[in-house]
Amino acid sequence: CDLADLESLAGNNQWFGSGSRIVITTRDKHILNAHGVDQLYEVRGLESEEAFQLFFSNAFKKNLLEEGYWDLSNLVVNYCR
């Protein structure tokens, strides 16, 4: 997402009604600052074991890693952080 995308989707505060909450997810805080976002909430990343558990349960529909997929799973989890 870049600033132009964000401005197309959520131009300014007047686009939304009173009490509206707009949730924007990005790793680039500069985009948020440039758009005038006034409140930030930084989500805590998962611990390594939690991240693997989440990945396994979604990718393999199991709680344990399929044998032979450790290296690939490790790359995916580390890339996604």
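The values are calculated or read from the model by the stated rules, or taken from the named source; none is laboratory data. Model, not experiment: these values are computed from the prediction. As a convention, Cβ positions derive from the backbone with ideal geometry for all residues, glycine included, and neighbour counts pool all protein chains shown. Calculation scope for accessible area: heavy atoms of the full protein, side chains included, ligands and nucleic acids excluded. Shrake-Rupley method; radii C 1.70, N 1.55, O 1.52, S 1.80 Å.
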Checklist line | ³J(HN,Hα), Karplus 6.51/-1.76/1.60, whole Hz, each residue of region 51-56, x for Gly, Pro | finding: 5, 5, 4, 4, 4, 4
Check: Once you have the alpha carbon radius of gyration of the chain, what is it after dividing by 2.2 N^0.38 Å, with N set to its residue count?
Finding: 1.54
Notebook entry, point to check: Roughly how many Å is it from the Cα centre of region 50-74 to that of region 5-38, as a whole number?
Noted result: 34
Next item on the list: Starting from region 2-41, pick out the trypsin sites (Lys or Arg not before Pro) whose DSSP state is loop and whose Cβ has at most 14 other Cβ atoms within 10 Å.
Entry: Arg21, Arg27
Check: Looking at the chain, which GluC sites (Glu not before Pro) are in a loop (DSSP not H, G, I, E or B) and have at most 12 other Cβ atoms within 10 Å?
Finding: Glu42, Glu47, Glu66, Glu67
Next item on the list: Determine the per residue accessible area of the chain with all protein chains present and a 1.4 angstrom probe, expressed in square angstrom.
Entry: 89
Check: Are there chymotrypsin sites (Phe, Trp or Tyr not before Pro) in region 1-59 that DSSP puts in a loop and that have at most 11 other Cβ atoms within 10 Å, and which ones?
Finding: Tyr41
Notebook entry, point to check: Ignoring any ligand, DNA or RNA, what whole percent of the accessible area of the chain comes from carbon and sulfur when the probe is 1.4 angstrom?
Noted result: 51
Note to self: Modelling each spin label as a point 7 Å along the Cα-to-Cβ direction, I'd like the Lys61/Trp15 distance in nm, to one decimal.
What the structure shows: 3.8
